[in-house]
Amino acid sequence: MKLAQLFSSYMHFKMGEEPMREITGLTLDSRSAGSGQIFFAIRGHVLDGHDFLADVCGQGVAGVVVEDEKKVPPEYRGGILVVPDSREALVKL
């Protein structure tokens with residue numbers, strides 16, 4: 001599936017520079033995030049995935065799903081999907 005297809009059912013998204021990039025997987029673990037994947041920044045009881053956005057964006061992820069777009073590094077050129085609840089978006093996507 002392509003990034004544009006995956007994000008198209010939502011209103012608040014930015015395709016980034018490669019909307020036709022093939023998505024290779026979904027992850028919420030910043031340690032395993034890599035090229036072609038979508039990273040979901042999920043707020044937990046102890047850790048907040050938004051705190052790891054700088055790391056995952058530097059690892060070549062195709063897109064990120066966030067609740068707070070301000071946490072995405074300004075130099076990131078991948079897709080950005082802003083949602084009210086990242087956990088719910090993971091289930092829907």
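Just give me the residues in segment 24-43 being closer than 14 Å to L90 by Cβ and assigned to a loop (DSSP other than H, G, I, E, B), in sequence order. Working first, answer last.
To start, the set of residues in segment 24-43 that are closer than 14 Å to L90 by Cβ comprises 25-29, 33, 37-43.
Listed by number, the residues that qualify are L28, D29, A33, A41, I42.
Just give me the residues in segment 1-23 being open to solvent by less than 80 Å² (accessible area, probe 1.4 Å), of a type outside the set (F, W, Y) and either more than 15 Å from L90 (Cα to Cα) or in contact with a Leu (Cβ under 7 Å, 6 or more places away or on another chain) (or both), in sequence order. Before the answer, list the steps.
So the first thing to find is which residues in segment 1-23 are open to solvent by less than 80 Å² (accessible area, probe 1.4 Å), and the list is 2-4, 6-8, 10, 13, 15-16, 19, 21, 23.
Now narrow it down to the ones that are of a type outside the set (F, W, Y): 2-4, 6, 8, 15-16, 19, 21, 23.
Of everything in segment 1-23, those that are open to solvent by less than 80 Å² (accessible area, probe 1.4 Å), of a type outside the set (F, W, Y) and either more than 15 Å from L90 (Cα to Cα) or in contact with a Leu (Cβ under 7 Å, 6 or more places away or on another chain) (or both) turn out to be K2, A4, L6, M15, G16, P19, R21, I23.
Select from segment 58-78 the residues that are open to solvent by 20 Å² or more (accessible area, probe 1.4 Å) and closer than 18 Å to L90 by Cβ and list them in ascending order.
Correct list: E67, D68, E69, K71.
Could you grab me the full set of residues in segment 24-50 that are touching a residue at least 12 places away in the same chain (Cβ under 8 Å), farther than 14 Å from R87 by Cβ and open to solvent by 90 Å² or more (accessible area, probe 1.4 Å)?
Across segment 24-50, the qualifying residue is only T24.
The values are calculated or read from the model by the stated rules, or taken from the named source; none is laboratory data. Keep in mind it's a predicted model, so treat the numbers as computed, not measured. Reconstructed Cβ throughout: ideal geometry from the backbone, glycine too, with neighbour counts over all protein chains shown. Ligands, DNA and RNA are stripped out before the accessible areas are found, and what is left, the full protein with its side chains, is counted by its heavy atoms. Shrake-Rupley method; radii C 1.70, N 1.55, O 1.52, S 1.80 Å.
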